[in-house]
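To start, the structure itself, in structure tokens.
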Amino acid sequence: MHERSLVHSLLTQVKQLSNQHDAETVDSVTVEIGPLSGVEAELVREAFDELAAEHFTNCPLLHIDLVPLQIRCRSCGRESSVSELSLKCPECASSRVHIVRGDEFRLIDVAMQVPVTTDGE
């Protein structure tokens with residue numbers, strides 16, 4: 001299950017961000033997963049729930065945004081959301097397309113509580 005190693009890397013990155021900002025807590029983590037990423041959302045959630053306790057005293061919430069597969073047609077230039085079963089432009093039916101979105105597993109947002117500082121401190 002490569003999701004476990006991906007989540008471990010994700011949590012390491014989140015922990016580094018938390019340390020950089022002297023965060024008191026990390027409340028939530030948001031990721032994007034595309035249908036061509038090779039990553040299963042449910043396995044990511046399971047690995048996150050299991051591994052987050054190793055990195056944080058409070059377990060942050062995980063938000064997963066499932067993004068559609070989006071292509072740009074190299075023939076007509078149109079961008080479209082498509083099914084991963086059909087990589088053809090819905091406008092001109094060309095199969096000369098470039099994947100714009102939908103093949104990623106990406107950290108989008110980390111919500112954390114940071115200490116309030118006043119100027120002069």
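The values are calculated or read from the model by the stated rules, or taken from the named source; none is laboratory data. Fair warning: this is a prediction, and the values are worked out from it, not measured in the lab. We place every Cβ from the backbone using ideal geometry, glycine too, and count neighbours over all the protein chains shown.
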Worksheet item: Between residues in segment 37-57 that are more than 15 Å from GLN16 (Cα to Cα) and residues that are part of a helix (DSSP H, G or I) and charged (D, E, K, R), which pairs lie under 7 Å by C-beta distance while being six or more apart or on different chains?
Response: VAL39/GLU3; GLU40/GLU3; LEU43/GLU3; VAL44/GLU3; ALA47/GLU3; ALA47/ARG4
Item to complete: For segment 15-37, name all the residues that are of a type outside the set (Asp, Glu), touching a Phe, Trp or Tyr at 6+ places or on another chain (Cβ under 8 Å) and under 20 Å from LEU66 (Cα atoms).
Response: VAL29, VAL31, ILE33, GLY34, SER37
Worksheet item: For segment 62-81, does any single residue satisfy the condition of being at pLDDT 90 or above, hydrophobic (A, V, I, L, M, F, W, C), surrounded by 14 or more Cβ atoms within 10 Å (Cβ to Cβ) and under 19 Å from GLN16 (Cα atoms)?
Response: yes
Worksheet item: Just wondering, is there one or more residues in segment 36-43 that are surrounded by 13 or more Cβ atoms within 10 Å (Cβ to Cβ), closer than 17 Å to SER5 by Cβ and touching a Leu at 6+ places or on another chain (Cβ under 7 Å)?
Response: yes
Discussion item. If I ask for residues that are closer than 19 Å to PRO35 by Cα and either part of a loop (DSSP other than H, G, I, E, B) or at pLDDT 90 or above (or both), which ones from segment 101-121 would you list?
Written reply: GLY102, ASP103, GLU104, PHE105, ARG106, LEU107, ILE108
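Taking the conditions exactly as written (of a type outside the set (Phe, Trp, Tyr), more than 11 Å from the chain's Cα centre (by Cα) and part of a loop (DSSP other than H, G, I, E, B)), does ALA52 satisfy them or not? Outline the logic, then answer.
Values: of a type outside the set (Phe, Trp, Tyr): yes; more than 11 Å from the chain's Cα centre (by Cα): yes; part of a loop (DSSP other than H, G, I, E, B): no.
Criteria not met by ALA52.
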Item to complete: Have a look at ILE108, ILE99 and point out the one that is within 25 Å of VAL7 (Cβ to Cβ) and either among the hydroxyl-bearing types (Ser, Thr, Tyr) or under 13 Å from the mean Cα position of the chain (by Cα) (or both).
Response: ILE108
Worksheet, complete the sentence: Taking segment 18-35 and keeping residues surrounded by 15 or more Cβ atoms within 10 Å (Cβ to Cβ) and either free of Cβ contacts under 8 Å to residues at least 60 places away in the same chain or among the hydrophobic types (A, V, I, L, M, F, W, C) (or both) leaves ALA23, VAL26, VAL29, VAL31, ILE33
Practice prompt. Would you be able to tell me the number of residues in segment 44-57 that are closer than 30 Å to VAL116 by Cβ, surrounded by fewer than 14 Cβ atoms within 10 Å (Cβ to Cβ) and touching a helix residue (DSSP H, G or I) at 6+ places or on another chain (Cβ under 9 Å)?
Written response: 1
